[in-house]
Amino acid sequence: MTQASGEIVDEILTVACLLGVSDVHFNPVCDEFAVLFRLHGRLLHASDADSSLPQTVSKAAVQRLKVLAKLNLGEQRKPQDGQLVVQSAQEPCDLRINVMPTVRGERLAARITSRHTMLDSLASLGMTDQQQEQVQTVLREQSGLIVVAGRIGSGKSTTMHAMLHEKSKEGASVLSIEDPVERYEDSIAQIQVDERQGLTFSACLRSALRQDPDVLMVGEIRDEITAAMAVRAGMIGHLIMTSLHADHPALVITRLLDFGIRPHFIETALRLIIWQRLRPVYCECCGGQGCAQCHQLGVLGRKAEFQVMTTQTLEPLFFAMQMHVQSIPTCGRDEGFGPIYSEAETSRYGVFPERFERPFASRN
Ligand SMILES: [Zn+2]
């Protein structure tokens, strides 16, 4: 391992942190690795984002990264996870590293979370005053289920953490079950799911409820048992917060039904749906055409947009659910909730949908 290969990795990661890159990819190409950045949702060569960076790096450079992430250098046939902290000029950045064997060799991806961008209040998320008030009202309750919904990568966990911070500021007992814990926070008791050790979401949830929490966040509902436990806990005196992948706010109810929750239980437990998506913030210099200022992306970043549904607005959905489960998504659309991206937007920003999960299969 040469000194140069180590330096180039440090340089790539430092620049990535400074630019606000969310992911760095090292893709095996012949004997080298192509270096790609995901910036504001779009994937581009690191060398296009910053001309001082190389288009490819050597195997030694990737080995160096594996050393930094405390991964097993001898293991090249199994996926590995690790983490490391990069000290950039502004602030430390946390990196989660995953190495995956492919037919061309190991592929390495690093997810970057900047501590600086942690949003610790509802106001900082970009909700309207009315939406903040609606959310605050539900947060003051002693029990119920709050669901934050949206596509993968739409900022759901940022929103949940902002709500947890609001509660912890009041001195509430706040627990969260996460997979993975992306950043450590002093005011929240965070529990890392570890399925290999039997610490599944449902096992953590069962145990966490005995820890006398005022608010309990279940990072994600992935199975029927967790869904049932979360809904039940929300009905019997716990404030439970969780997230679901859904292309549309009304589909939250469909998903809960898919997990086998009875309509009556959903209606009793569900207090709030926060549905969100990220919209591009266009570069003012070039009007979205691409220029040096925006690294030819046309966008300078993304900001969250919210739809907040409280029990009042949920009422028609509950009614539709009781009457006829199939009509739920349509019912929501009649309320003025259009599809997330128009055809034109999807083709113009064709790269955004790729970042997201495919819409989950419909019920029929
Ligand atoms: Zn521009």
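Quick notes
- Peptide ranges 298-306, 268-276 listed from the most packed, as the mean C-beta count within 10 angstrom indicates: 268-276, 298-306
- Each residue of the stretch 226-239 is assigned a 3J(HN,Hα), and the resulting list reads 4, 4, 4, 5, 5, 5, 4, 4, x, 8, 10, x, 10, 8 Hz, derived from the Karplus form 6.51 cos²θ - 1.76 cosθ + 1.60 (θ = phi - 60°), x at Gly and Pro.
- Proxy reagent accessibility, fewest Cβ within 10 Å first, across 264, 238, 45: 264, 45, 238
- Cβ-Cβ FRET estimate between residue 136 and residue 103, R0 fixed at 51 Å, reported to 0.05: 0.45
- The chain - convex hull of alpha carbons, volume per residue in Å³: 158
- Against the main long axis of the alpha-carbon atoms of the chain, helix 156-169 sits at an angle near 70°.
- Rounded tilt (10° steps) of 59-68 against the dominant C-alpha axis of the chain: 50
- Taking label points 7 Å from Cα along the Cα-to-Cβ direction, residue 315 and residue 111 give a separation of 4.0 nm.
- For the stretch 87-210, a simple Cβ point-charge model (Lys and Arg +1, Asp and Glu -1, everything else neutral) yields a dipole of about 440 debye relative to the Cα centre.
- Each of residue 152 and residue 30 was given a label point 7 Å from its Cα along the Cα-to-Cβ line. The distance between the two points is 3.2 nm.
- Taking amide H atoms as placed 1.01 Å from N in the peptide plane, the amide H of residue 277 lies under 5 Å from those of 305, each 5 or more residues away in sequence or on another chain.
- P(r) of the stretch 82-196 over all Cα-Cα pairs, binned every 5 Å from zero, in whole percent: 2, 9, 16, 20, 19, 14, 9, 6, 3, 2, 1
- HN-Hα J in Hz across the stretch 241-252 - Karplus 6.51, -1.76, 1.60, θ = phi - 60°, x for Gly and Pro: 10, 8, 10, 9, 7, 8, 7, 7, x, 5, 5, 4
- Reciprocal of mean inverse Cα separation for the stretch 17-76 (Kirkwood radius, Å): 12.3
- Estimated FRET transfer efficiency (residue 170, residue 196; beta-carbon r; R0 41 Å; 0.05): 0.70
- Equivalent ellipsoid semi-axes - Cα gyration tensor, the stretch 3-114, angstrom: 20, 16, 13
- Here the Karplus curve 6.51 cos²θ - 1.76 cosθ + 1.60, taken at θ = phi - 60°, turns the phi angles of the stretch 190-204 into couplings of 9, 10, 8, 5, 9, 4, 5, 8, x, 8, 7, 4, 5, 5, 5 Hz, with x standing for Gly and Pro.
- Long-range HN-HN contacts of residue 107 with modeled amide H, under 5 Å: 100, 102
- Over the chain: helical MRE at 222 nm, DSSP H runs n ≥ 4 each giving -39500 (n - 2.57), nearest 500: -10000 deg cm²/dmol
No lab work stands behind these numbers, since they all come straight from the coordinates. None of the values given here were measured: they were computed from a predicted structure. We place every Cβ from the backbone using ideal geometry, glycine too, and count neighbours over all the protein chains shown.
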